[in-house]
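Structure, as structure tokens:
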Amino acid sequence: MPSKKSRIQLYADECFPVTAVMELKSFGYSIIHAFDRKLVHKSDRLHLKESKKLKRALITLDRDFISYEQVNLNAHPGVIVISAGSATPKNINKICKKLLTIINSDSVKNSLLRVTSSKIIKMKRGKIVSERKL
């Protein structure tokens, strides 16, 4: 369980379940949902801009972000895409709890992390730069 000031601050887009956000908050993680910012039904680009403005890594289930090779994440807190089979809040939280004990804001900054149920794939400009076990 993290301290009240989590090692990484997160912004969840509308694809990330509100119930998962609530549970992560209950464990002390610093996470804001797009719903809280009245940004539901907005573009992916807007969510990227909002997370950058808030200085929070964007966390999502939206796999479209993986194919956005043209997106420049320089000076961005980073993007975390959870693509781990079952999208139930219980499964998402299980993966997030593991992930958030491993990563910090520096490991996500300027890059995209694709997280499966077994590994973390770090990408920059559409290219894999590292992989590690989750």
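All of the numbers you see were taken from the coordinates with simple rules; none came from a lab. Predicted, not measured: the structure shown is a model, and the values here were computed from it. So basically every Cβ, Gly included, is an ideal-geometry build from the backbone, and we count neighbours across all protein chains shown.
What the table shows:
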read-out	value
Among 112, 39, 99, residue whose mean-square fluctuation peaks in a GNM of the chain (springs only between Cα atoms under 10 Å)	39
Environment charge at residue 107 (Cβ cut-off 12 Å; Lys +1, Arg +1, Asp -1, Glu -1)	+3
Given [x] 33, 15, 11; [y] 19, 18, 14; [z] 63, 13, 9, the label whose value is semi-axes √(5λ) of the Cα gyration tensor in Å derived from this model	[y]
Too-long pairs where the Cα-Cα distance tops 23 Å, listed order kept, from 38/122; 90/133; 109/133; 49/124	38/122
Eligible aspartates and glutamates near residue 127 by straight Cα distance, threshold 19 Å, same-chain separation 8 or greater	62, 64, 69, 106
Listed residues 21, 108, 71, most fluctuating in the chain (Gaussian network, C-alpha, under 10 Å)	71
